[in-house]
Amino acid sequence: MTVTPEKIGSEETSATPTARATRTPDPEGGQLDRLPRRHAVLRMSEVQAAELADAPLDDENEQTMLVNMGPSHPSTHGVLRLMLEMDGEIVRRSKPVIGYLHTGMEKTGESLTFLQGGTNVTRMDYAAPLFNELVFSLATEKLLEVDIPPRATWIRMLMCEINRIASHLLFMATNGMDLGAVSMMIYGWREREQVLRFLEKVTGLRMNHNYIRPGGVAADLPDGWRDDVLFLLDMLPPRLAEYDILMSGQPIWRERLQGVGVLAAEEALALSVTGPLLRSTGIARDMRRDEPYLAYDDVDFDVLVGTRGDSYDCYAIRLNEIRESMRIVRQILDKMPSGDYRVQDTKVTPPPRARIDESMEALIHHFKIFTEGFKVPEGEVYVAVESPRGELGCYLVSDGSPTPYRMHIRAPSLVNLQCLPHKMADGLVADAVASISSVDPIMGEVDR
Amino acid sequence: MDPYLLDGVTLGDVALSTVKAVLALVVCLVATMLMVWFERKVIARLQNRIGPNVAGPFGVLQTLADGIKAFFKEDNIPENADRFVFKLAPYLSLLPAFLTFTLIPLGGDFSGGKSGTVTLPGGQETFLQVADPPVGVLFFLAMSSLGIYGIMLAGWSSGSKYPLLGSVRASAQAISYEAALGLSLAAVILVTGGLSMTEIVREQATAGFGGIIPNWNIIVTGFIPFAVFVMAGTAELNRPPFDLVEAEQELVGGFHTEYSGIRFALFFLSEFMNTVTMAAIIVTLFFGGPAGPNLGILPGWLWGFVWFFAKLLVFLFVFVWFRATLPRFRYDQLMDLGWKLLIPLSLGWLLVLAGIRVARNGELNLLDSAGGDTVLVIAVSFVVLLVGMGFLRAALNNARRERLLAAGLDPREVG
C-alpha cells in the first residue's frame with residue numbers, strides 16, 4: 001500500500017516548487033538532494049545540549065543560543081518540545097523532541113480484543129477520534145473478510161465528515177490563537193462545540209466515541225438526526241464567512257501567514273508529508289479520491305490544493321475543506337440508504353438486546369463476544385484513510401487469536417512533524433509558531 | 001502653571017498639592033481597577049463569554065480579589081536573577097505610569113472661554129489636575145520612555161532566555177515608536193503653540209468651524225497625527241496588536257515570565273494604568289479633554305469630568321476592541337510599520353501643517369491673498385508628499401529586491 005513519492009510526483013505535481021535558496025547538489029546524490037534545507041535539522045543530543053549549557057560563555061564564538069520551546073509552552077499544541085538554535089530572534093536549526101505523551105497505546109492494543117480495540121485507538125488523534133476507529137475497523141474487517149451493510153458505510157462517512165469539520169474548526173481556533181487573534185480561539189471552539197453536540201447525540205460522547213466498530217457502527221442514527229445535520233449545515237456557512245472577515249481578508253493575518261513556513265513539493269514528498277500540508281504544496285493527494293474507501297466513489301467533492309506551500313495555504317485549504325465536507329454531508333443526506341447499521345454475522349455481532357432476555361444461548365453468546373472476543377483469521381493487512389491531518393494508516397497482524405499480534409498506526413501527525421525544522425529554518429520565532437500551528441500536530445497521535 | 005502657585009508657595013499650597021496628588025492616585029488606581037474589569041467584561045462579551053461575575057455586583061471587585069490573591073502568593077526569585085534589579089523593575093514600571101497621569105486635566109469648566117480653574121473654599125484658584133508644568137507634553141514623552149526601563153530591566157534581570165527576548169523586543173519597539181509618537185505630537189504642539197496640557201485643552205475648547213464643529217485637534221491637525229498617535233501609542237503600551245513584548249504564544253510571558261505574586265501584579269497594574277493614561281492623553285491632545293458644553297444642572301467643573309470620562313471610555317473600549325479583533329504583528333512587520341510608514345508620514349504631515357500655517361498667516365506673499373497662498377501651499381505640499389512617498393516606496397522595493405537577491409531568492413516568485 002505504500003506509494004512511492006516518485007509516482008505521485010510525476011503524475012500530479014501541479015505547481016512548481018516555490019522559490020528557494022540556491023541549492024548545491026548532494027555529493028552522494030539521491031533522496032537527500034530533495035531536501036535543500038536539511039541543514040536546518042539540529043542534530044544534538046540531550047547530553048551535548050547539557051554540556052553546552054554548562055560551558056563557560058565565549059563571546060567570540062557564541063553567536064547563537066539554544067532555546068527550549070516546550071514541552072510546556074503555550075503554542076506547542078500539547079507537549080511538543082522544540083530545541084531551537086536561535087540567532088537573535090531568527091531560528092537557524094531546530095529539533096522536535098517527542099515522547100512526552102507516550103502512553104504505549106500501540107502495545108496496549110495487543111492485549112485488547114478486536115472489539116475493545118476501538119476504545120484504545122480512538123484516544124490517539126483525540127481531535128478526530130472517529131477516523132482512528134474507522135481505520136482500525138476497516139483493517140479488522142479486511143482480515144475478517146466481512147462486508148458491512150451499505151447503511152453502516154454511509155453512517156460512517158457521515159460521522160467522519162462531521163468529525164473532519166470539528167477537527168478543522170479546532171485548527172481554526174488554535175491557528176487564530178497562535179497568531180494572537182485570541183477571539184478566534186473562542187469562535188472556533190463555539191462552532192466545534194455545536195458539531196460535537198451532534199456527535200454526542202449520536203454516540204453518547206463528545207470525544208473518544210467508540211462508535212465505529214468492527215462490523216458496522218455501535219448504534220443507528222437517532223431520531224431527528226437529519227434535522228440536526230441540517231442545523232449544522234445552516235449554522236456553519238455564515239460563521240465561516242465571519243472567519244473570512246476576521247482572518248482571511250485581514251491584512252495583518254495575511255502578512256503573518258503568506259510566505260511563512262514554505263514547504264516545497266519535493267521536500268514534502270521526500271518527508272512523506274500528507275494531508276492538507278501536502279496539498280498546500282500543490283500535490284492533489286487525497287486518499288478519499290486516490291484510493292477510495294467506504295463510498296467516497298459515490299459522492300462528488302473537490303480535492304483542494306495550494307500553490308505556495310506556505311502557512312496561508314494550509315489555513316485556506318483547511319477552511320475550504322470544511323466547506324467541502326459540508327458538500328459531502330449534503331450528498332450523504334440525500335443518499336443515506338436504509339437497512340442494517342451493522343453486519344448480521346453472529347460471529348462478530350452481539351445478539352440484539354431483546355434476544356438476551358429470551359434466550360440463554362443469546363446471553364452466553366453476548367457474554368463470550370464481550371469477554372473473549374471473536375477470533376480473527378491469521379494474516380496481515382494495511383488500510384489507510386484520509387484523516388483531517390493526512391494519511392492515517394493501520395497495520396494489523398493477526399495470529400488467529402481474538403487479540404491482534406501487532407497493531408501499528410501510521411500517524412500523520414508524527415510523520416508531518418518531520419517537516420517542521422525545514423519549515424522553520426531561517427524564520428523568526430513568530431514564524432516558527434505559525435509553522436507549528438499549520439502542521440496542526442495532535443500529540444496523542446504523535447506519541448501513541 | 002497652576003494659578004495658586006504663581007504668587008509664591010505657602011504651606012497651604014503644599015498641603016493643597018499633597019491632597020491633589022493623593023486624590024489623583026486614588027482616581028488613577030480606581031480607574032485602573034475598573035479598567036481591568038471593563039476589559040475583561042467587554043472582551044468576554046465580544047468572545048461570547050460571560051466574564052467575571054462572582055466578586056461584587058457584575059464582578060466589579062474581581063480585580064480586588066485578584067490583587068489580594070497575588071499578595072499571598074509565593075514570591076519566587078529565580079536563581080540566575082539579578083536580585084536587586086529584579087525587585088526594582090516592577091516599581092520602575094509603575095511609577096512613570098502614575099506620573100503621566102498627574103499631567104491630565106480631569107475636569108474643569110472650559111466652556112465659553114473660561115480658563116478651566118475652580119475656586120476652592122479657601123480662595124485658591126486651581127486646575128483640576130495635579131500639575132500643569134509648562135513642559136507638559138515633553139514630560140509625557142519622557143515618562144513614556146522611562147516606562148520601558150521597567151520592562152527592559154525585568155527581562156534582563158530575570159536571567160532567562162524568553163524574558164531576555166521580550167526585553168530586547170521592548171527596547172527596539174520603544175525606540176522605534178517613540179519617534180512616531182513625538183512627531184505626531186509635534187503637530188499638536190504646532191497648532192497649539194504651547195506644551196502645557198491646560199493650554200492644549202483651552203485651545204480646543206474654543207468654538208470651531210461654524211460654531212458647531214468642535215475645534216478639536218483631531219480636526220485641526222487633519223486626522224493623520226491622530227491616527228499615527230493611536231498606533232504608536234498602542235505600540236508604546238505593548239497592547240495588541242503590538243504586544244510582542246509579552247507575546248504569549250511565542251515568548252510564554254515575555255518579560256514577566258519569571259515574575260510571580262505581587263511583583264507580577266504590579267506589572268499587570270502598570271500595564272492597565274498605562275492604558276488608562278494613554279487613553280486620557282489621546283482624549284486630552286486630540287479630543288479636547290474635559291472641554292464640552294455646560295448643560296446646566298451640575299456645576300460647570302463637574303461637566304468637565306463628565307465629558308472627560310465619557311471620551312475616555314470610548315478610547316478604552318477602542319483598545320479592548322483592538323485586542324479582541326486583531327492578530328499580532330510580527331517583529332519585523334512592526335519595525336516596518338514604524339520606520340517605513342508612521343515616521344515618514346508624521347514627519348511629512350508636520351511639514352505640510354507648518355507650511356499651511358505660514359501661508360495662512362500671510363507671511364508668504366506669493367499670490368495676492370493669504371487665502372490664495374494657502375491653496376497653493378496645500379496643492380504643492382500634497383504633490384511633494386505624494387512624490388516623496390513614491391520615492392520611499394521605490395527605495396523600499398529596491399532594498400527588498402536586493403535583499404532577496406542576496407539571499408538567493410527570485411524576487412518575482414516570492415511576490
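The values are calculated or read from the model by the stated rules, or taken from the named source; none is laboratory data. All values derive from a computational prediction rather than experimental measurement. Note: ideal-geometry Cβ built from the backbone for every residue, glycine included; neighbour counts use all protein chains shown.
Per-structure values
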| item | result |
| --- | --- |
| Matching residues in region B:102-126 - criterion: being surrounded by fewer than 19 Cβ atoms within 10 Å (Cβ to Cβ) and of a type in the set (A, V, I, L, M) | B:VAL118, B:LEU120 |
| Matching option when the condition is more than 30 Å from A:GLU85 (Cβ to Cβ), at pLDDT below 90 and not acidic (Asp, Glu), among A:LEU115, A:LEU101, A:LEU170 | A:LEU115 |
| So B:THR198, is it more than 27 Å from B:TRP339 (Cα to Cα), modelled with pLDDT of 80 or more and in contact with a strand residue (DSSP E or B) (Cβ under 9 Å, 6 or more places away or on another chain) | yes |
| So A:LEU263, is it part of a helix (DSSP H, G or I), buried (at least 24 other Cβ atoms within 10 Å of the Cβ), more than 14 Å from every other protein chain (Cβ to nearest Cβ) and not β-branched (Val, Ile, Thr) | no |
| B:ALA187, sole failed condition from (1) within 14 Å of chain A (Cβ to nearest Cβ); (2) crowded, with 19+ Cβ neighbours inside 10 Å | (1) |
| Test: residue in region B:203-220 that is touching a strand residue (DSSP E or B) at 6+ places or on another chain (Cβ under 8 Å) and closer than 30 Å to A:SER72 by Cβ | no |
| Among the candidates B:LEU88, B:LEU138, B:LEU95, B:LEU99, residue that is part of a helix (DSSP H, G or I), buried (at least 18 other Cβ atoms within 10 Å of the Cβ) and out of contact with any strand residue (DSSP E or B) (no Cβ under 9 Å at 6 or more places or on another chain) | B:LEU99 |
| Test for A:HIS73: is it within 14 Å of another protein chain (Cβ to nearest Cβ), part of a loop (DSSP other than H, G, I, E, B), in contact (Cβ under 8 Å) with a residue 60 or more places away in the chain and of a type outside the set (S, T, N, Q) | no |
| Region A:244-260, subset surrounded by fewer than 24 Cβ atoms within 10 Å (Cβ to Cβ) and within 26 Å of A:PHE301 (Cα to Cα), residue nearest to the other protein chains (Cβ to nearest Cβ) | A:ILE245 |
| Residue within region A:207-227 that is surrounded by 17 or more Cβ atoms within 10 Å (Cβ to Cβ), assigned to a helix (DSSP H, G or I) and touching a residue at least 40 places away in the same chain (Cβ under 8 Å) present | no |
| Single unsatisfied condition, A:VAL229 versus (1) at negative phi; (2) in contact with a Lys or Arg (Cβ under 7 Å, 6 or more places away or on another chain) | (2) |
| The lone exception for A:TYR293 - which of (1) out of contact with any strand residue (DSSP E or B) (no Cβ under 8 Å at 6 or more places or on another chain); (2) hydroxyl-bearing (Ser, Thr, Tyr); (3) closer than 30 Å to A:TRP154 by Cα; (4) surrounded by fewer than 21 Cβ atoms within 10 Å (Cβ to Cβ) it fails | (1) |
| Search result, residues across region B:40-58 that are within 18 Å of B:LYS69 (Cβ to Cβ) and within 14 Å of another protein chain (Cβ to nearest Cβ) | B:ARG40, B:GLY51 |
| Subset of region B:141-155 [away from chain A (no Cβ under 14 Å) and either within 22 Å of B:ALA265 (Cα to Cα) or not in a helix (DSSP H, G or I) (or both)] | B:MET143, B:SER144, B:SER145, B:LEU146, B:GLY147, B:ILE148, B:TYR149, B:GLY150, B:ILE151, B:MET152, B:LEU153, B:ALA154 |
| All positions within region B:235-270 that are polar (S, T, N, Q) and more than 13 Å from chain A (Cβ to nearest Cβ) | B:SER260, B:SER270 |
| Subset tally (residues that are among the hydrophobic types (A, V, I, L, M, F, W, C) and assigned to a loop (DSSP other than H, G, I, E, B)) for region B:214-243 | 3 |
| Hey, B:PRO105 assigned to a loop (DSSP other than H, G, I, E, B), more than 14 Å from every other protein chain (Cβ to nearest Cβ) and farther than 18 Å from B:PHE268 by Cα or not | yes |
| Residue check, B:GLY123 closer than 29 Å to B:LEU181 by Cβ and at pLDDT below 85 | no |
| Members of region A:179-235 that are within 30 Å of A:SER75 (Cβ to Cβ) and of a type in the set (Asp, Glu) | A:GLU191, A:GLU193, A:GLU200 |
| Residues of region B:156-185 that turn out to be over 14 Å from the mean Cα position of the chain (by Cα) and either within 20 Å of B:LEU341 (Cβ to Cβ) or assigned to a helix (DSSP H, G or I) (or both), as a count | 17 |
| Candidates B:THR284, B:THR277, B:THR325, filtered to the one that is modelled with pLDDT of 85 or more and within 14 Å of chain A (Cβ to nearest Cβ) | B:THR325 |
| Options A:GLU110, A:GLU85, A:GLU106, A:GLU89; residue that is over 17 Å from the mean Cα position of the chain (by Cα), more than 14 Å from chain B (Cβ to nearest Cβ), among the acidic types (Asp, Glu) and more than 30 Å from A:VAL299 (Cβ to Cβ) | A:GLU110 |
| Count - residues of region A:183-206 that are of a type in the set (A, V, I, L, M, F, W, C), buried (at least 21 other Cβ atoms within 10 Å of the Cβ) and within 14 Å of another protein chain (Cβ to nearest Cβ) | 1 |
| Every residue from region B:282-307 that is assigned to a helix (DSSP H, G or I) and crowded, with 24+ Cβ neighbours inside 10 Å | B:VAL283, B:THR284, B:LEU285, B:PHE286, B:GLY304 |
| Failed item in (1) under 27 Å from B:SER144 (Cα atoms); (2) modelled with pLDDT of 85 or more, with B:LYS69 passing the rest | (1) |
| Count - residues of region B:190-229 that are without any contact (Cβ under 8 Å) to a residue 60 or more places away in the chain and surrounded by 19 or more Cβ atoms within 10 Å (Cβ to Cβ) | 4 |
| Counted residues, region B:41-62 - those being surrounded by fewer than 18 Cβ atoms within 10 Å (Cβ to Cβ), touching a residue at least 12 places away in the same chain (Cβ under 8 Å) and either in contact with a strand residue (DSSP E or B) (Cβ under 9 Å, 6 or more places away or on another chain) or part of a helix (DSSP H, G or I) (or both) | 2 |
| Residue count for region A:99-138, restricted to those that are outside any helix (DSSP H, G or I) and farther than 14 Å from A:LEU199 by Cβ | 16 |
| Residue tally, condition farther than 13 Å from A:SER311 by Cα and either part of a loop (DSSP other than H, G, I, E, B) or within 11 Å of chain B (Cβ to nearest Cβ) (or both), over region A:164-182 | 5 |
